[in-house]
Amino acid sequence: MQIESLKVFCDLAETESFTKAAQINGVTQSAVSQQISTLERIFKSLLIERSKKKFRLTREGQVLYDYSKQIIQTYESLQSKLQELKDIISGTIRIATIYSIGLHDLPPYVKKFMKQYPTVNVHVEYRRANQVYEDVLGNVVDLGLVAYPTKDPKLELIPLRKDSLVLICHPQHPFAKLKCVKLKSLVGQKFVGFEPDIPTRKALDKILREYGIAVTNVMEFDNIETVKRAVEIDAGISIVPLGTISQEITKQTLTALPIEEGDFYRPLAAIYKKNKVLSPAMKQFLALLKEPTA
């Protein structure tokens, strides 16, 4: 029996998915099934209830998971400590990020990190916010990057930066002539927004409610790029993070205006699973993310 088999079992228990457990460990689903069968033979116990309705560990499976998790964490701590002693920064960092951070905030940091530590492989996946949390909790990825972070007792949360929210419009829109815009001016305007489950949408809805503003939502999208494209064709106005529109401002395809009522912003954060052993590479990457610019 190898530690790798125990890790596969733990990943399966946490993700409740043979597909995800295989993905995490870079093996096939068949290999995961074989390793679980091998563990069951070794311990002469049924570890997983074979039911199509719901994944569930048996009592013996839960005991094996609890002890295996301790073994794996001790082993990973040992590996991390040895790397630190040898001053080795290598390995793979798996990151799940929402689209806007992945497209606009993350690239310069990855570029700088890879220049400093060329032996580290940084693997980035673009996901919806709820999927980022699921992937971190399921150990599918090492780190998650989110906006408007949600506190969870199972997660460690590292605040990063605050990105100002601005109103954007087509350069020929009447608002484009203004130096700033009042929220009450949005009443009656066609508004291009995010889908209701997107954290930025929830935050904007809260701001507008607090100021008694009702907008006319004409389009809703799940990512910042499509929102910008809709505003560029003058389908409506929108409120977005300033850091996501630098290219459009330079090309003058969008006009950005500060909001008169106050300094509204979108907080960004990194998350990882509590009690996770961070490798030297992960620690260095998190330290870099905390810097104001890359």
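The values are calculated or read from the model by the stated rules, or taken from the named source; none is laboratory data. Since this is a predicted model, take the numbers as computed values, not measurements. Note that we place each Cβ from the backbone using ideal geometry, even for glycine, and neighbour counts take in every protein chain shown.
Taking the options T58, T28, T38, name whichever one is under 27 Å from the mean Cα position of the chain (by Cα) and either surrounded by 13 or more Cβ atoms within 10 Å (Cβ to Cβ) or not acidic (D, E) (or both).
Of T58, T28, T38, the one residue that is under 27 Å from the mean Cα position of the chain (by Cα) and either surrounded by 13 or more Cβ atoms within 10 Å (Cβ to Cβ) or not acidic (D, E) (or both) is T28.
Can you name the helices (runs of 4 or more DSSP H) wholly within the range 3-74 that have at least 2 residues being in contact (Cβ under 8 Å) with a residue 12 or more places away in the chain and more than 25 Å from R94 (Cβ to Cβ)?
Filter on the range 3-74 gives 29-43.
Would you confirm whether any residue within the range 212-230 is within 30 Å of K290 (Cβ to Cβ), of a type in the set (G, A, S), at pLDDT 95 or above and not assigned by TED's automatic domain parsing to the domain that holds D142?
No - not one qualifying residue is present in the range 212-230.
State all residues of the range 225-283 that are within 29 Å of L155 (Cα to Cα), without any contact (Cβ under 8 Å) to a residue 24 or more places away in the chain and of a type in the set (S, T, N, Q); if no residue qualifies, say none.
None; the set is empty.
Could you tell me how many of the residues in the range 265-294 are among the hydroxyl-bearing types (S, T, Y) and in contact with an Asp or Glu (Cβ under 7 Å, 6 or more places away or on another chain)? Walk me through it before giving the result.
First, pick out the residues of the range 265-294 that are among the hydroxyl-bearing types (S, T, Y): 265, 272, 279, 293.
Filter again for in contact with an Asp or Glu (Cβ under 7 Å, 6 or more places away or on another chain), leaving 265, 272.
Selection size over the range 265-294: 2.
Which ones in the range 260-274 are assigned to a strand (DSSP E or B) and touching a strand residue (DSSP E or B) at 6+ places or on another chain (Cβ under 6 Å)?
Selection gives Y265, R266, P267, L268, A269, A270, I271, Y272.
Take residues that are under 30 Å from V122 (Cβ atoms) and tell me which of the strands (runs of 3 or more DSSP E) falling wholly in the range 143-255 contain 3 or more.
Correct list: 143-147, 155-169.
For the subset of the range 11-22 comprising residues that are surrounded by fewer than 22 Cβ atoms within 10 Å (Cβ to Cβ) and not charged (D, E, K, R), which member is nearest to V136 (Cα to Cα)?
T15
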